[in-house]
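Q: Dumping the structure here so I can ask a few things about it.
Readers should treat all values here as calculations from the given coordinates under stated rules, not as data from a laboratory. Everything numeric here is computed off the predicted structure, so don't read it as measured data. Positions of Cβ are backbone-derived with ideal geometry, glycine not excepted, and every protein chain shown enters the neighbour counts.
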Amino acid sequence: MKVLKFGGTSVGKPDRMHSIARLIAGKDRKLVVLSAVSGTTNALVAIAAALTEGDHGKGSQLIEALFAPYHEFVNLLYTTAEAKQKGEAIVNTHCDYIKSYVGKPFGEKETKELLAEGELISTALFQEYLLEINYQSVLLPALEFMKIDDDNEPVHEYIEQMLTAEIAKYPEAQYFITQGFIAKNTKGEIDNLKRGGSDYTASLVGAAIRAEEIQIWTDIDGMHNNDPRIVKKTFPIAALTFDEAAELAYFGAKILHPSTILPAKKYRIPVRLLNTMQPEAKGTVIADQTSDKDIKAIAAKDGITAIKIKSSRMLLAYGFLRRVFEIFEKYKTPIDMITTSEVAVSVTIDDAKNLTAILEELKSFCTVEVDANQSIVCIVGDFLEDKPGLVNKIFEALKNIPIRMISYGGSKNNVSLLIHTQHKNEALNALNEGVF
Ligand code: ADP
Ligand code: ASP
Ligand code: MG
């Protein structure tokens, strides 16, 4: 079975849903993962923020604005009066449900419940459409099989057991439709895999059923060599290894949720990135093969904090780094980059939630300096020792940009640099000119 995931723009208009139905047609069985209609999750975030602040008037207005276009959506999605009526009923049920939160106490738990609505609506509407056009389709509720633990990590065994049991109930079905993004947590509450999480769902369910392939259908023809939102002349990359793609996703290539590649890599399931608007384009294949270019792609991740930790003694005594790392471990804060000198170590984190507590503990045995608003620029390629010119090319391109940290040699396929976010666009454009 193949897994096909369609993102927000791919389900964002009735016509797009019609195209998806044509795209998934064919004999083999498929598991289809859908995101919310584009704009819906952002609107739900805004509604939840208003209700959290206690501004219920604004919350109500935002709910009306979110649902107004859904009636036209339903009208254009279906042909028969009966299907249109069912579609209207779906929209009204969800609208009434969201309205029921207005005027009541509202917090984090309720926010997550609201955020799940986008995928619940899009999948219900699409399933109804598939039934209207006589597809043998079953809607599998993701909340029955997607589960995360107390560290917000997916519970793989549970997902595998529950999903395979669900699928086994429908031997006749050809299409299984499910929600991306949403999951239950260990308290049994509704939760999610963080923004952009539908990609991760696709990979998790693909791994759970040992799919032959995972396809991520979006609004661009594959992973590009640089961020197309910032750099003009970018191009799609035909092939990437799991490790290369994982690095690009983790270091900011928005086309993939940061964790997407890991479950697929575990079972060596190829991940194909494809464009719904241009289905004939080759896209990107992520598998064991790579393309033969030296430098393949560049990505950047914002919101990084750099911490310089200086030993109070002159030299970094042994045991010093262990003490430092233990503090980050205690606060479950992953370190992305690290560089050391004789007397100091600099690390970066992207989750500054526990920064104050971390600094407090570090200060008991060293001095610290903190720089916020940093970006990691990650250059992915073949940086083997026998290719000395490559690194020169990078620094030549960046000669006018102040660089705060450099990480090279950690893996053979990555050079990472830390710069102030204000220089990011300039750096990405300069690298595009200089290294491709
Ligand atoms: P979806 O809603 O389908 O999940 P996303 O908006 O999350 O789509 O991801 C696709 C977008 O990612 C593209 O439209 C593009 O602007 C952005 N993007 C950022 N970096 C890259 C990259 N290196 N290659 C391709 N797209 C990228
Ligand atoms: N709808 C969710 C979001 O906008 C998940 C996704 O689209 O991947 O973040
Ligand atoms: Mg996305």
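Q: Search the structure for amide H atoms under 5 Å from the amide H of residue 383, placed 1.01 Å from N in the peptide plane, and list their residues when 5 or more places away or on another chain.
A: Close amide H contacts, sequence-distant or interchain: 413, 414.
Q: Hey, fewest Cβ within 10 Å first, where do 301, 387, 5, 232 land in order? Could the numbers behind the result be given before it?
A: On the way: 301 21, 387 13, 5 28, 232 8.
Least to most surrounded, the residues fall as 232, 387, 301, 5.
Q: Using Stokes-Einstein with the Kirkwood hydrodynamic radius over Cα pairs, what translational diffusion coefficient do you get for region 104-182 at 4 °C and a viscosity of 1.567 mPa s, in µm²/s rounded to a whole number?
A: Values: Rh = 14.1 Å.
My calculation gives 92 µm²/s for D.
Q: Give me the mean projected area, in nm² to one decimal, of the convex hull enclosing the Cα positions of region 309-436.
A: Values: hull surface 34.8 nm².
Mean shadow area of the hull around the Cα atoms is 8.7 nm².
Q: Another question about this same structure. Can you spot the lysines whose alpha carbon is less than 18 Å from residue 58's alpha carbon? Ignore those fewer than 8 places along the same chain.
A: 99, 104
Q: May I ask you to evaluate 6.51 cos²θ - 1.76 cosθ + 1.60, the Karplus curve with θ = phi - 60°, for each residue of region 256-265 and list the ³J(HN,Hα) values in order in whole Hz, giving x for glycine and proline?
A: 10, 4, x, 9, 3, 6, 4, x, 5, 4
Q: Still on this structure: When N counts the residues of region 138-265, how does its alpha-carbon radius of gyration compare numerically with 2.2 N^0.38 Å, as a ratio? Let's see the in-between values first.
A: Details: Rg = 15.8 Å, N = 128, 2.2 N^0.38 = 13.9 Å.
Compactness ratio reported: 1.13.
Q: If we count other beta carbons within 10 Å of each Cβ, what is the order of 119, 72, 244, fewest first? All intermediate terms of the calculation are to be shown ahead of the outcome.
A: Numbers: 119 29, 72 10, 244 24.
In order of increasing Cβ crowding within 10 Å: 72, 244, 119.
Q: Calculate I(q)/I(0) for region 224-290 by the Debye formula, one identical point scatterer on each C-alpha and no solvent, and give its log10 at q = 0.16, 0.26 Å⁻¹ to two decimals.
A: Debye curve over Cα of region 224-290, log10 I(q)/I(0) at q = 0.16, 0.26 Å⁻¹: -0.52, -1.26.
Q: Now a separate question. So what's the chain giving for Cα Rg divided by 2.2 N^0.38 Å, two decimals? If you can, show how the numbers build up before the last one.
A: Values: Rg = 23.6 Å, N = 436, 2.2 N^0.38 = 22.2 Å.
So the Cα radius of gyration is 1.06 times the expected 2.2 N^0.38 Å.
Q: Another question about this same structure. Among 409, 206, 319, which one shows the biggest mean-square fluctuation in a GNM of the chain, springs joining Cα atoms closer than 10 Å?
A: Evaluated over the chain, the most mobile residue of the options is 319.
Q: On to the next question. Enumerate the calculated ³J(HN,Hα) couplings along region 412-422 in order (Karplus 6.51 cos²θ - 1.76 cosθ + 1.60, θ = phi - 60°), each rounded to whole Hz, writing x wherever the residue is Gly or Pro.
A: Per residue, the Karplus-derived 3J(HN,Hα) values read 7, 10, 8, 10, 10, 10, 10, 9, 5, 4, 4 Hz.
Q: Taking θ = phi - 60°, what integer Hz values does the Karplus form 6.51 cos²θ - 1.76 cosθ + 1.60 yield along region 385-390, in sequence order, with x for Gly and Pro?
A: 4, 7, 10, x, x, 4
Q: Still on this structure, please answer the following. Calculate how steeply helix 81-99 sits against the longest principal axis of the alpha-carbon atoms of the chain, using the helix alpha-carbon long axis, and give the answer as 0 to 90 degrees to the nearest 10.
A: Here the helix axis deviates by roughly 50 degrees.
Q: Whole Å is fine, so just give me how far the alpha carbon centre of region 250-301 lies from that of region 387-436.
A: Going from one Cα centre to the other spans 21 Å.
Q: Right, something else. In degrees, nearest 10, range 0 to 90: what is the angle between the Cα axis of helix 320-330 and the longest Cα principal axis of the chain?
A: The angle comes out at about 20 degrees.
Q: Let me ask another. Mind listing P(r) for region 206-331? All alpha-carbon pairs, 10 Å bins, whole percents.
A: Spelled out bin by bin, region 206-331 gives 12, 35, 24, 17, 10, 2, 0 percent.
Q: I'd like the FRET efficiency for residue 353 and residue 134, computed as 1/(1 + (r/R0)^6) with the beta carbon distance as r and R0 of 56 Å, rounded to 0.05.
A: 0.65
Q: For region 187-242, what Kirkwood radius comes out of the mean inverse Cα-Cα distance, in Å? Each step should come with its number before you reach the end.
A: On the way: mean 1/r = 0.0717 Å⁻¹.
Taking the inverse mean of 1/r over all distinct Cα pairs, region 187-242 comes out at 13.9 Å.
Q: Could you put 138, 285, 45 in order, starting from the residue whose Cβ has the fewest other Cβ atoms within 10 Å? All intermediate terms of the calculation are to be shown ahead of the outcome.
A: Values: 138 19, 285 22, 45 15.
Ordered by Cβ neighbours within 10 Å, fewest first: 45, 138, 285.
Q: Any idea how far the Cα center of region 213-247 sits from the one of region 114-191, in Å?
A: Their Cα centres are 27 Å away from one another.
Q: Mind checking region 385-436 for trypsin sites (Lys or Arg not before Pro) that DSSP puts in a loop (not H, G, I, E or B) and that have at most 12 other Cβ atoms within 10 Å? Could the numbers behind the result be given before it?
A: Numbers: sites: 393, 399, 404, 412, 424; in loops: 399, 404, 412.
Sites meeting the loop and neighbour criteria: 399, 412.
Q: For the chain, give the share of DSSP beta bridges that are antiparallel, in percent and rounded to the nearest 5; count only bridges with both residues there. Intermediate values should be presented prior to the final figure.
A: Working: 41 of 68 bridges.
Around 60 percent of the beta bridges assigned by DSSP in the chain are antiparallel ones.
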